[in-house]
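First the structure, in the form of structure tokens, and then the observations on it.
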Amino acid sequence: MNSPAQDASEQSTAVIDTRLTHEVHRVATTLLAEAAVETSVPPAALLALRDFLVASLRHHDQAEDDDLWPRIIAVAPDTADTLHALSAEHEQLKAALDALSDVAMTVGGEAMTTDGAASEADRTALRQAAIAVRDLVHEHLAHEEPILLPALREHISPAAWDEFTQKVISTAPPVGGHLMIGFLTEVGTPAEVEAVLAGVPEPMRPLLPALRAQAADDIRGLRGAGS
């Protein structure tokens, strides 16, 4: 496997995109599990991160199952069993994401829609669900990367990857997209991040600095450091 320290030009775009997306999922799931019981972190910020993670992970796994796996299997049929096993792990994660999504913080018996206080029980429930997702994500990626990253290098052409990523971008849920940009900035080098964001539609590109700044503020708040 290529080292994260390697220059982006030495790696395929598919590997860079996938490795950084996976690192975002590792960092973000860890942050939610840690921040859930930090009383300095506003409940609304926790729920925003939770909703981003649920939407992002569901979309990511679905794109792999429905589109990326068939592309790889079409040119490398011997990968079918291992990729289908990874899809089975996606189903386990889907159940954990459903449980995380179902956690509701309440204020006065009503679903919280502002930065009001959250009970210790609510925060504990969120933490427990977040830990379950975090552990499954980390374990799943440890299984997936030794299979997927070599398969991307060997079996997915740049044109095929570009087609796949354009579908992913066009169908991405509009939930916390700025957080994806912020976490990417944390986990990748500037060259790697630019490679990942190269597929962003041209009309959106002028918005990237503002989205990155918003994400940096939000992530600092989630870490209890304020803005």
TODO: Pick out which of 55, 63, 121 has the largest mean-square fluctuation in a Gaussian network model of the chain, springs linking Cα atoms closer than 10 Å.
DONE: 121
Open item on the list: Based only on Cα atoms, what mean projected area does the convex hull of the range 118-185 have, in nm²?
Closed with: 6.8
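Net charge around residue 103, counting only other residues with Cβ within less than 15 Å of its Cβ (Lys, Arg = +1; Asp, Glu = -1)?
-1
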Task: Calculated log₁₀ intensity ratio I(q)/I(0) where the Debye formula runs over C-alpha points of the chain, q = 0.13, 0.16 Å⁻¹ - done: -0.79, -1.15
TODO: Treat each spin label as a single point 7 Å out from the Cα along the C-beta direction, and report the residue 102 to residue 171 distance in nm.
DONE: 2.6
TODO: Please report the relative contact order for the chain, taking Cα pairs under 8 Å with a sequence separation of at least 6, and give it as a percent rounded to a whole number.
DONE: 36
- [ ] Be a star and scan the range 139-163 for residues whose amide nitrogen sits under 13 Å from the point 7 Å along the Cα-to-Cβ vector of residue 59.
- [x] none
Open item on the list: If I stretch the segment between residue 95 and residue 119 completely, what's the gain in nm (0.36 nm per residue apart, minus their alpha carbon distance), one decimal?
Closed with: 6.2 nm
Task: Residue of 87, 157, 170 that the Gaussian network model of the chain assigns the largest fluctuation, springs spanning Cα pairs under 10 Å - done: 170
TODO: Report the FRET efficiency, 1/(1 + (r/R0)^6), for residue 191 and residue 212, where r is their Cβ-Cβ distance and R0 is 22 Å, rounded to 0.05.
DONE: 0.90
Task: Gained length - residue 198 relative to residue 220, 0.36 nm times residue gap less alpha-carbon distance - done: 5.3 nm
TODO: Any chance you could check the Cα centroid distance between the range 25-84 and the range 178-227 for me, in angstrom?
DONE: 17
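Using the crude model of +1 on Lys and Arg Cβ and -1 on Asp and Glu Cβ, and no other charge, please compute the dipole size for the chain relative to its Cα centre, in debye to 20. Mind dumping the intermediate values first?
Numbers: 15 positive and 35 negative charges, 108 e Å.
Once rounded to the nearest 20, the dipole reads 520 debye.
Each reported figure results from applying straightforward, stated rules to the coordinates on display, with no laboratory input. What you are looking at is a predicted structure, and each value in this text was computed from that prediction instead of being measured. Glycine also receives a Cβ, built like all others from the backbone with ideal geometry; neighbour counts cover every protein chain displayed.
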